[in-house]
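This report refers to the structure that appears directly beneath it.
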Amino acid sequence: MASQKNIQLIRWAVIIVSFIIVASILWNTYDFFQKFKNEERAKMEILAGAYERSSSADLNADFSLEDKIIGKNHNIPMIITNEKDSITAWANLDSIKTLKSVYLHNELDIMKNQNLPILVSHKRSNVKQFIYYRDSDLLTKLKYYPIALILILILFASVIFLFFKSNKVAEQNKLWTGMAKETAHQIGTPLSSLMGWVEILRLENTDENTVAEIEKDVVRLNTIAERFSKIGSNPILKKHNIIEATENSFLYLQSRSSKQVEFIFNSLNNNISVQLNLQLYSWVIENLVKNAIDAMEGKGKISLSITENDKNVFILISDNGKGIPKHLQQKIFTPGFTTKKRGWGLGLSLAKRIIEDYHNGKINVHKSEIGKGTSFLVSLKK
């Protein structure tokens, strides 16, 4: 118990530390972005000053410094407009696209939304211009860096989560497999003894009907032991008549259920051959029928119908019980999940594994309404 608490504390510590690291990276990125943006603003203000000096100085003045400042801007896209908002010049834009005025005006709108304009006053001509600019490509990439970082972290977190989840599922499967095989082993010893006692009863001329009933239960126990022993192994599939196999399991439960439960079996065909493992397939049918009986609380109607098409066989098991809430319909196949006061929550998860992993078929909740009942659909390939 203490070790479990320690594991929980370590998990929370890792989560908190990871959150702090991510938050600090995002904050530093934001801080760097703002500093870089302010530096670009300062460069554009220096550029505006160079424009002002070059227009205000004498014609014979040396403009080498201003020309260098203006010529050094190779990475910040900019547009210069007059007081009437007409475009007079631009720099660092696509030379081909600038041939179209629509492109220039679209760029101008972007610049207006990103940054405040810088005023350029030409004192000699008393003309005012405005320099509009947008973030450089480097700054734009930096803007999306936190998003990329978060996506990468989510990706890594998802991979780690799936890794641990698959490990947990593998451990659970290993546990269930071990328990199933151990159960089969434990049943085997008294089962052998019971078989011997059945023969002794016959030798002592015990009523044959009584011996036959005991023998049926011994055979049943042997079937259960075989089922458990096959969990975790690759079962052998053979061609069997699925109509006969399904009806036998259905009638077996009917003979041992309350008379208040009505059993209805329907099939338009008498013989449909499917690759089956009889012990495991009958286990699925019994689990579904038993669940239906529990859902009806021992009173109601259970119907089983078998249909087919060119490629598949469909087994539909329906009841008029209490139904399954929609938010639980995907959880009911999870190992250990149960809504019953008594139960391990293994019946449906085993049924799903038998159908999907061993028989390459599908099983799902076909339809369920609260207070009206539930239908399970099993589909198998021919």
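Please compute the length gained on full extension between residue 273 and residue 161, using 0.36 nm multiplied by the number of residues separating them and subtracting their Cα-Cα distance.
Length difference between fully extended and current span is 36.1 nm.
Name the helices (complete DSSP H segments) of the chain with a Cα length along the long axis of 18 Å or more and a Kyte-Doolittle mean of at least 0.0, or state none.
Those that clear 18 Å and a mean of 0.0 are 2-56, 137-203, 242-255, 278-295.
Could you grab the relative contact order for the chain? Cα pairs under 8 Å, six or more apart, rounded to a whole percent.
10 percent
What distance in nm separates the simple spin-label points at residue 334 and residue 148, each placed 7 Å from Cα in the Cβ direction?
Each label point lies 7 Å from its Cα, and together they span 3.7 nm.
I need the calculated FRET efficiency for the pair residue 93 and residue 126, taking r as the beta carbon distance and R₀ as 25 Å, to the nearest 0.05.
E(calc), rounded to 0.05, equals 0.30.
With every protein chain present, what is the per residue accessible area of the chain (1.4 Å probe, Å²)?
Each residue of the chain exposes 64 Å² on average to a 1.4 Å probe.
Please tell me which of these pairs span more than 19 angstrom C-alpha to C-alpha: 168/290; 290/372; 84/128?
168/290
Compute the Cα gyration tensor for region 185-289, then decide on rounded, prolate or oblate, letting a ≥ b ≥ c be the square roots of its eigenvalues: rounded whenever a/c is under 1.5, prolate when a/b is larger than b/c in the other cases, and oblate in all that remain.
Oblate, because a/c is 1.5 or more while a/b does not exceed b/c.
Under 20 Å Cα-Cα from residue 322, which aspartates and glutamates qualify once same-chain neighbours fewer than 8 residues away are excluded?
Residue 322 reaches 262, 286, 294, 297, 369.
As a quick test, which of the pairs 259/301; 299/352; 165/362 have an alpha carbon distance above 18 angstrom in this structure?
Beyond 18 Å between Cα atoms: 299/352; 165/362.
Specify the residue with the greatest mean-square fluctuation among 263, 161, 130, computed from a Gaussian network of the chain linking alpha-carbon atoms under 10 Å apart.
Per the Cα network of the chain with a 10 Å cutoff, 130 tops the list.
Cα to Cα, under 16 Å, and not fewer than 8 places away if on the same chain: which aspartates and glutamates meet these conditions relative to residue 367?
Once the sequence-local aspartates and glutamates are set aside, what remains near residue 367 is 319.
Once you put a point 7 Å from the Cα of residue 25 and another 7 Å from the Cα of residue 137, both along the Cβ direction, what distance in nm separates them?
2.5 nm
Please give every one of the lysines within straight-line cross-link reach of residue 143, meaning a C-alpha to C-alpha distance under 20 Å, and leave out same-chain neighbours fewer than 8 residues apart.
Hits, sequence-local ones excluded: 35, 37, 43, 112.
Which one of 188, 49, 347 has the biggest mean-square fluctuation once the chain is modelled by GNM with Cα springs under 10 Å?
49
The values are calculated or read from the model by the stated rules, or taken from the named source; none is laboratory data. Here the structure is a predicted model, which is why all the values come from computation and not from measurement. Glycine also receives a Cβ, built like all others from the backbone with ideal geometry; neighbour counts cover every protein chain displayed. In case anyone asks, the SASA skips ligands and DNA or RNA and just uses the protein heavy atoms, side chains included. Shrake-Rupley method; radii C 1.70, N 1.55, O 1.52, S 1.80 Å.
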